[in-house]
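This report concerns only the one structure given below.
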Amino acid sequence: MSTTQESYLIGLIGDGITASLTPPMHEAEAAAQGLHYLYRPVDLALIGRSGEDVGELMRAGRDLGFNAFNITHPCKQIVLEHLDEIPERAAALQAVNTVLIRDGKFIGENTDQSGFASALAAELPDAAKDKVVQLGTGGAGSAVAYALLDSGVQDLTLFDLDLDRAKERAAALAPHFPSARVGATDAAGLEPAVEQANGVVNCTPIGMHHHPGAPIDLELITAEHWVADVIYLPVDTPLVTRARELGCQVLDGGAMAVGQAVDAFRLITGVEPDRQRMRVHFLEMLADQQP
């Protein structure tokens, strides 16, 4: 049982993140757990700093008594050189989005990866994982691909408009999962790959408010597929909407966003958060942002 004597000071370092939903989501869960928990954005744009200053900002935060930082664009790679410890999966991804401060040391974690994995396990525990197609291999895509393989996917096909990037990501992942097949495909190979797949995962920006549409021909999706999307603005992307209409098992982008927060909260506090409560609060905040 947590007590009100426990207190935490957390920061989010990134560019243009003042309106992020992560701080209020953490603070609401902490209040429900009886924790004193103050989470503040450190918006590089507002304080006239660049991503290169992330190490200096973390050291200043450590001196001021911060317990941890979440790290977002453009600092997820830059921060690596300022860490004292980094686990294998974060090292493999070459990206960190959570930094714990323990005994004066900076310890990196990647809850992009673990957040998707935990969301997949919680929301789609029975999803078949023989063959999966992932669309997009950028920042989020790298973490999701690792999570899929770590969750037991046996055959992962990566598609990206930049085929070389998809091939590079496949080659980087393969040594970490020697029992799985990791490959890349171009547009010509995408349709047959989707037809043979159990699951389809969208890690592209297509479907966001500012990038409307669907990342693939929605006619390729059938009721036999499970579908995941990392986009949560909006939660109901055209891909998610179509999948639900067909009766597919669906993991929307809100689940990954909440999964990241759940894992970061647990790492920071050692307290088990209530995933469902955090998801409800997250969706309420999203609804408040709608025009």
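FYI, it's all coordinate maths here, none of it is from the lab. All of these numbers come straight from a predicted model, not from anything done at the bench. Note that we place each Cβ from the backbone using ideal geometry, even for glycine, and neighbour counts take in every protein chain shown.
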>> Taking the number of other C-beta atoms within 10 Å as the exposure measure, put Arg266, Arg279, Arg59 in order starting with the fewest.
In response: Arg59, Arg266, Arg279
>> Please enumerate, by chain and number, the lysines with C-alpha under 25 Å from the C-alpha of Lys131, excluding those fewer than 8 residues away in the same chain.
In response: Lys167
> If each Cα of segment 11-81 is one equal point scatterer, what is log10 of I(q)/I(0) from the Debye formula at q = 0.13, 0.21 Å⁻¹?
Replying inline: -0.37, -0.89
> Would you list Lys105, Lys167, Lys76 from fewest to most Cβ contacts within 10 Å?
Replying inline: Lys105, Lys167, Lys76
> If you plug each phi of segment 43-59 into the Karplus form 6.51 cos²θ - 1.76 cosθ + 1.60 with θ = phi - 60°, what whole-Hz ³J(HN,Hα) values come out, in order, with x for Gly and Pro?
Replying inline: 7, 4, 5, 7, 9, x, 10, 10, x, 5, 8, 4, x, 4, 5, 5, 5
> By the scheme Lys and Arg +1, Asp and Glu -1, what is the net charge of all other residues having a beta-carbon under 14 Å from that of Leu233?
Replying inline: -4
> So what is the 222 nm mean residue ellipticity for the chain from helices alone, if each DSSP H run of at least 4 adds -39500 (n - 2.57) and you divide by all residues, rounding to the nearest 500 deg cm²/dmol?
Replying inline: -12500 deg cm²/dmol
>> Please compute the Kirkwood hydrodynamic radius of segment 114-251 from all pairs of different C-alpha atoms, in Å with one decimal.
In response: 14.6
> Once both axes come from the Cα atoms, what is the angle between helix 139-150 and the longest principal axis of the chain, in degrees from 0 to 90, rounded to 10?
Replying inline: 70
> Which ³J(HN,Hα) values in Hz, rounded to whole numbers, follow from the phi angles of segment 206-214 under the Karplus curve 6.51 cos²θ - 1.76 cosθ + 1.60, where θ = phi - 60° and Gly and Pro get x?
Replying inline: 6, x, 5, 3, 8, 9, x, x, 10
>> Regarding the chain, what's the average projected area of the Cα-atom convex hull, expressed in nm²?
In response: 15.4
> Which far-off residues, 5 or more places away or on another chain, put their amide H under 5 Å from the one on Glu6, with H placed in the peptide plane?
Replying inline: His36
> Could you give the angle, 0 to 90 degrees to the nearest 10, between helix 253-269's Cα long axis and the longest principal axis of the Cα atoms of the chain?
Replying inline: 30
> Taking other Cβ within 10 Å of each residue's Cβ, how do Thr237, Thr269 sort, fewest first?
Replying inline: Thr269, Thr237
> If one takes the longest principal axis of the Cα atoms in the chain, at what angle in degrees, from 0 to 90 and to the nearest 10, does the Cα axis of helix 275-289 lie?
Replying inline: 90
>> Pick from Ser114, Ser179, Ser142 the residue whose mean-square fluctuation is largest in a GNM of the chain, springs joining Cα atoms under 10 Å.
In response: Ser179
